[in-house]
């Protein structure tokens, strides 16, 4: 595809809405939505709690082109109920992942979620399991499933489990990736374990820089829609294996990682153990300098 | 949820050819507005579901002002509201008209 098809908007990924992110990610004018807001496939549960509904249930799915190649897209809207997974929200993502497998088309998931929606928790938990299965089945069929993380809600709870099954993860400094969120850890383990109001602690523990250094994410980009677009194009060019040998190697790597860093009390100690120069300076580094400093980072190989 | 419905006569019909447009998000102090071409050309219908009860008179004033000022004829507008202020509602409605009138690519 020629440069004419590319978007040239400068926009913060963190600030953008789900629909703005899709428009800027795929080739200009190429996106066609499935089950759009006019279908009014809303949550069957929220009315019971007298809570407001959204016509797309907080997720936009459809197809588009990325640098000329067909791609399926799902984008969560983190501002609606924290981008949380409910029954319809989850079913839309499951459905498009199954389509990715059937059509043998690559897929990008724009995560922006706090996890399962508490008002429809059973349906949400089931959806997480179905989605993970659908990701794995798509990958077994040779489809790439790339996750993009850099939204306001981060990627927490069940969303982080799904992210763990993706073939590649792209993350920005603003992106956060963790199973339990800061408030959840503080509530369960106490403020001595984790002070959720300590923003610096939250970011150096769950933020994009640490996840990249620790092998939890594969590609680190600026908080910029075009940076995410270019990284997604690059990530989809490489086919990632997914078989028992890869999983066994990943299991070994994770065991080694736990032995190596298990005693660390803080992310800075992990960066020190990794052998990074000036580990305390990592949070303040701009992207270029950070990527140069990150040469000795952990690598997630093909299992991610 | 409080549900409100308005059916207003519009002097000007919406331009452009897009079948629909959506703006905004359902969050605290925010709302989503879905615009579809469905009503007769001289009519604008607006259906609202709002989390803030008892503001029917304010909604009435805002949507009447909107239909009087903008080209809203021929539109069926559906709103999910998370307790947005009247000025936010007016801006979102104006943004919706702008969006549905955008040339198609």
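Hydrodynamic estimate: the Kirkwood radius of chain A over Cα pairs, inserted into Stokes-Einstein at 10 °C and 1.306 mPa s, corresponds to D of 81 µm²/s.
Here the stretch A:212-240 and the stretch A:36-53 have alpha carbon centers that stand 33 Å from each other. When its C-alpha radius of gyration is set against 2.2 N^0.38 Å (N residues), the stretch A:147-260 gives a value of 1.13. Taking only the alpha carbons of chain B, we obtain Rg and Dmax values of 12.6, 42 Å in that order.
Computing FRET efficiency as 1/(1 + (r/R0)^6) for residue A:104 and residue B:61, where r is the C-beta to C-beta distance and R0 is 56 Å, gives about 0.55.
Placing a label point 7 Å from the Cα of residue B:41 along the Cα-to-Cβ line, the residues of the stretch B:9-28 whose backbone N sits under 17 Å from it are B:9-19. Distance between the C-alpha centres of the stretch A:87-112 and the stretch B:23-78: 32 Å, rounded to the whole angstrom. Looking at the stretch A:102-259 only, what percent of DSSP beta bridges run antiparallel? Nearest 5 please. Approximately 5 percent, going by the DSSP bridge assignments. Relative contact order of chain B, taken over Cα pairs closer than 8 Å and 6 or more residues apart, is 42 percent.
Measuring nothing but how far apart in sequence close Cα pairs (under 8 Å, 6+ apart) lie, relative to its length, the stretch A:208-304 scores a relative contact order of 45 percent.
Given R0 = 41 Å, the distance between the Cβ atoms of residue A:239 and residue A:47 translates into a calculated FRET efficiency of 0.40.
Based on Cα contacts under 8 Å between residues 6+ apart, chain A shows a relative contact order of 15 percent.
Largest mean-square fluctuation among A:36, A:82, A:90, in a Gaussian network model of chain A whose springs join Cα atoms under 10 Å apart, belongs to A:36.
Beta bridges per DSSP, both residues in the protein assembly as shown: antiparallel share near 55 percent.
The helix-only estimate of mean residue ellipticity at 222 nm for the protein assembly as shown, built from DSSP H runs of length n ≥ 4 each weighted as -39500 (n - 2.57), is -11500 deg cm²/dmol after division by the residue total.
Which percent of Cα pairs goes in each bin when the distances of the stretch A:39-181 are cut into 5 angstrom slices starting at zero? All Cα pairs considered, the percentages come to 2, 11, 21, 25, 20, 13, 6, 2, 0. Largest GNM mean-square fluctuation across A:152, A:40, A:117, computed for chain A with C-alpha springs under 10 Å, falls on A:40.
Whole Å is fine, so just give me how far the alpha carbon centre of the stretch A:68-82 lies from that of the stretch A:123-161. Using only Cα atoms to place each centre, the spacing works out to 12 Å. In terms of the mean number of neighbouring beta-carbon atoms within 10 Å, the peptides B:40-49, A:154-163, A:183-192 order highest first as A:154-163, B:40-49, A:183-192. Using a Förster radius of 56 Å, what is the FRET efficiency between residue A:40 and residue A:230 based on their Cβ-Cβ separation? Nearest 0.05, please. Plugging the Cβ-Cβ distance into 1/(1 + (r/R0)^6) gives 0.95. Remark: mean inter-chain Cβ contacts per residue of A:47-54 equal 5, using a 10 Å Cβ-Cβ cutoff to other protein chain atoms.
Each label was represented as a point 7 Å from its Cα along the Cα-to-Cβ direction; for residue B:19 and residue A:272 these points are 6.2 nm apart.
Every number in this text was worked out from the coordinates using simple rules, so none of it is lab data. Computed from a prediction, not measured in an experiment: that's the story for all the values here. Every residue, glycine as well, gets a Cβ built from its backbone with ideal geometry; the counts of neighbours run over all protein chains shown.
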